[in-house]
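Below is one structure, written out as structure tokens, with a few remarks after it.
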Protein chains: 2
Amino acid sequence: MKVFKSFIFSIKLMRYVAKIEVSLKSGHGNPEGETAAHLLKELGYQVEKVDVSKAYTVTLNACSSAEAKVTAEEMSKRLLANPTKDNYTINVVEQ
Amino acid sequence: MKVFKSFIFSIKLMRYVAKIEVSLKSGHGNPEGETAAHLLKELGYQVEKVDVSKAYTVTLNACSSAEAKVTAEEMSKRLLANPTKDNYTINVVEQ
């Protein structure tokens, strides 16, 4: 009878929070920011401009901070940002 | 003949950038974040949850960093956030 031995490798996954901020590249129209700036001026504030961006706070599991950052980079390219029109920044912290 | 002296007070305004991040208070539904989390899982990522918030980057003039922060606080309460359903955080940097 053959004896099979099973080897169990335990990989410890940690929890990370990746903050991915997606904003329009400069040169693209920013109607929401312009509207906000206009309204703030009407309310009496000395505003020069307003830029609006979207921030995704993604809680994910990864082996290391570096891996979490690479994963967040991939997520941004594949789903959260459109590389044609958007810029994005990523900050990863361990939770 | 009466002589009028004019005193000119020059107040130096500086340029500040206030980053105001507006997110839903916990307990409120977050359909956009849930959709993003669902899609990221379908793409094979080990995601626990996704929160989505809006970030306003406001370029404004003020006499000091403290004044800029008070102004940004007011802007948030009056226009950018809804205190009933939103939380907001403010970070001010001199430009």
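All of the numbers you see were taken from the coordinates with simple rules; none came from a lab. Values in this document were obtained by computation on a predicted structure and should not be read as measured data. Neighbour counts are summed over all protein chains in view; Cβ atoms, including those assigned to glycine, are modelled from backbone coordinates with ideal geometry.
A few comments on the model shown:
- For A:E94, inter-copy label distances in nm, listed shortest first [label point 7 Å out on the Cα-Cβ vector]: 3.6
- Nearest-20 debye value, chain A charge dipole, Cβ charges on Lys, Arg, Asp, Glu: 720 debye
- Neighbour-limited loop hits for GluC sites (Glu not before Pro), the range B:44-95 (at most 16 other Cβ within 10 Å; DSSP other than H, G, I, E, B): none
- Across the identical copies, how the B:K77 labels are spaced - nm, sorted shortest first, 7 Å along Cα→Cβ: 4.6
- Copy-to-copy label separations for A:K41, where each label sits 7 Å from Cα toward Cβ, in nm and ascending: 4.6
- Number of Lys pairs (Cα under 12 Å; 8 or more positions apart or on different chains) in the range A:15-95: 5
- What sits nearest the axis between copies A and B, counting only chain A Cβ atoms, is the residue and whole-Å distance A:A55, 3.
- Counting beta carbons within 10 Å around each of B:I90, A:I20, A:I11 and listing the fewest first gives the order A:I11, B:I90, A:I20.
- Rg(Cα) / (2.2 N^0.38 Å) computed for chain A, rounded to two decimals: 1.71
- Stokes-Einstein diffusion for the range B:13-69 at 20 °C, viscosity 1.002 mPa s, with a Kirkwood radius from C-alpha pairs, works out to 154 µm²/s.
- Net charge dipole size for the protein assembly as shown [Lys, Arg +1 and Asp, Glu -1 on Cβ; Debye, nearest 20]: 280 debye
- Residues of the range A:10-38 falling in the label zone of B:T35, defined by backbone nitrogen less than 18 Å from a point 7 Å along Cα to beta-carbon, are A:22-23.
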